[in-house]
Amino acid sequence: MTELEKTVLDAALHVFSRYGVKRTSMGDLCEEAGVSRQTLYNRFRNKDDILRGLIGRYTELALEEIAEEMPHTPDLAAQLDLIFDRMVVRGYDTMQAMPNAQDFIAGANAVSQEALQCSAGRFRGVIAQVLMPYEASITRNGLSVEALADFIQRSAKAAGMHALDRDHFLAQLRTLKQLSLTAALGPVPDAIHKED
């Protein structure tokens, strides 16, 4: 991704969060990004392209951070916390801070299904990667790594969409993590429960 694309996408997130996708014009995006219309249109044909670009940029940044921090993350519980934070918690917090979040979500969902599915698949791949060392235990519990990774990714995403508030969302993620740990490691001793 070029610096120009990053500048435009950062500007788009700022403007979309302030005014919503529907009320934002390409002219508004040009002004915020400090680029001419021709420069903008050379890279992004319309707001749909920009929304797809935002999803791709968010995914790339999150996956880069996960990759950087994973070697320093000691166990599966901490690895799942890291993935949840970058995959859904930060996005949830960003959406909660937006005055026009529902418009942004509706706009992204309407035009960006392919980009959203690609992003979800990439996160499922990272989850499967951290589960792979526990494949034997997961298989003994009647699951596959791929099925568990799919369940974790979809459940984490759904938790954010349907949570009553941030505390409820985080509680759902803790439950999802505990279910995942049980599937991968077997029942967790009481002493570990108290640490969470």
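The values are calculated or read from the model by the stated rules, or taken from the named source; none is laboratory data. All of these numbers come straight from a predicted model, not from anything done at the bench. Here the Cβ is made from the backbone with ideal geometry for all residues, glycine too, and neighbour counts use every protein chain on show. Calculation scope for accessible area: heavy atoms of the full protein, side chains included, ligands and nucleic acids excluded. Shrake-Rupley method; radii C 1.70, N 1.55, O 1.52, S 1.80 Å.
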Report summary line: If one compares the long axis through the Cα atoms of helix 113-131 with the longest principal axis of the Cα atoms of the chain, the angle in degrees, nearest 10, works out at 30 degrees
**Report entry** Inter-label distance, nm, simple model (7 Å from Cα along the C-beta direction), ARG37/MET70
**Finding:** 4.5 nm
Query raised in the report: Taking square-rooted eigenvalues a ≥ b ≥ c of the alpha carbon gyration tensor, is the range 122-194 rounded, prolate or oblate, where a/c under 1.5 means rounded and, failing that, a/b exceeding b/c means prolate?
Result: oblate
Report summary line: Between the residues SER25, MET132, PRO74, the Cα farthest towards the positive end of the dipole of the chain, that dipole coming from +1 and -1 charges on the beta-carbon of Lys, Arg, Asp and Glu, is from SER25
Query - Accessible surface of the chain, 1.4 Å probe, proportion on carbon and sulfur as whole % - result: 54 percent
Query raised in the report: Solvent-accessible area per residue for the range 126-178 at a 1.4 Å probe radius, Å²?
Result: 57 Å²
Query raised in the report: Can you tell me the accessible area per residue over the range 1-57, all protein chains present, probe 1.4 angstrom, in square angstrom?
Result: 54 Å²
Report task. For the chain, find the longest principal axis of its Cα atoms and tell me its angle to the long axis of helix 166-185, 0 to 90°, nearest 10. Result -> 50 degrees
**Report entry** C-alpha long axis of helix 145-162 to longest principal axis of the chain, angle in °
**Finding:** 60 degrees
Report summary line: the range 20-152, convex hull of Cα, quarter of hull surface, nm² -> 9.6 nm²
Query raised in the report: Computed on alpha carbon atoms, what radius of gyration and Dmax characterise the range 33-105, expressed in Å?
Result: 16.1, 49
